[in-house]
1. In the list 18, 82, 45, which residue meets the criterion of being at pLDDT 95 or above, of a type in the set (Asp, Glu), over 16 Å from residue 8 (Cα atoms) and exposed (fewer than 12 other Cβ atoms within 10 Å of the Cβ)?
2. Do we have residue 8 as without any contact (Cβ under 8 Å) to a residue 12 or more places away in the chain and either surrounded by 12 or more Cβ atoms within 10 Å (Cβ to Cβ) or out of contact with any Phe, Trp or Tyr (no Cβ under 6 Å at 6 or more places or on another chain) (or both) here?
3. Can you confirm whether residue 12 is of a type in the set (A, V, I, L, M, F, W, C) and out of contact with any helix residue (DSSP H, G or I) (no Cβ under 9 Å at 6 or more places or on another chain)?
4. Count, please, the residues in region 66-96 that happen to be within 18 Å of residue 19 (Cα to Cα) and in contact with a helix residue (DSSP H, G or I) (Cβ under 8 Å, 6 or more places away or on another chain).
Amino acid sequence: MKSESFTELENVIKFLVDNSTVRLEISGHTDNVGSLRANTKLSQDRAQSVVNYLVSKGIAVSRLEAKGYAFSQPLGTNDTSDGRAQNRRVEFKILSK
């Protein structure tokens with residue numbers, strides 16, 4: 001994880017502590033460089049590392065679901081370095097309140 005991610009992760013932790021029944025999907029995404037197989041593993045590992053961090057901070061693993069989407073949900077074009085950078089990300093989705 002990037003060092004600048006920790007500030008946002010602290011916000012997520014605070015949200016989860018303040019909303020003790022919320023369940024989240026943590027989704028990992030990649031650009032399209034490399035194979036689908038490699039990017040699927042990378043995106044899953046990316047999401048799982050966030051789950052592991054949240055669990056290490058006291059969030060119950062039962063409230064978190066890691067899912068890797070590889071390059072199936074791009075935000076930007078994969079034709080430019082800026083677009084590929086946008087596509088390498090982790091997102092949070094509320095599954096239940």
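The values are calculated or read from the model by the stated rules, or taken from the named source; none is laboratory data. Please read these numbers as outputs of a predicted model, since none were measured by experiment. Note: ideal-geometry Cβ built from the backbone for every residue, glycine included; neighbour counts use all protein chains shown.
1. Working: 18 fails: over 16 Å from residue 8 (Cα atoms); 45 fails: exposed (fewer than 12 other Cβ atoms within 10 Å of the Cβ).
Of the residues listed, the single one that is at pLDDT 95 or above, of a type in the set (Asp, Glu), over 16 Å from residue 8 (Cα atoms) and exposed (fewer than 12 other Cβ atoms within 10 Å of the Cβ) is 82.
2. Working: without any contact (Cβ under 8 Å) to a residue 12 or more places away in the chain: yes; either surrounded by 12 or more Cβ atoms within 10 Å (Cβ to Cβ) or out of contact with any Phe, Trp or Tyr (no Cβ under 6 Å at 6 or more places or on another chain) (or both): yes.
So residue 8 passes the test.
3. Details: of a type in the set (A, V, I, L, M, F, W, C): yes; out of contact with any helix residue (DSSP H, G or I) (no Cβ under 9 Å at 6 or more places or on another chain): no.
Spelling it out, it is not the case that residue 12 is of a type in the set (A, V, I, L, M, F, W, C) and out of contact with any helix residue (DSSP H, G or I) (no Cβ under 9 Å at 6 or more places or on another chain).
4. Of the residues in that region, 1 qualify.
Conditions tested, residue by residue: (1) more than 15 Å from residue 1 (Cβ to Cβ); (2) exposed (fewer than 13 other Cβ atoms within 10 Å of the Cβ); (3) in contact (Cβ under 8 Å) with a residue 12 or more places away in the chain; (4) within 14 Å of the chain's Cα centre (by Cα).
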residue	(1), (2), (3), (4)
52	no, no, no, yes
59	yes, no, yes, no
63	yes, no, yes, no
67	yes, no, yes, yes
70	yes, no, yes, yes
87	yes, no, yes, yes
93	yes, yes, yes, yes
96	yes, yes, yes, no
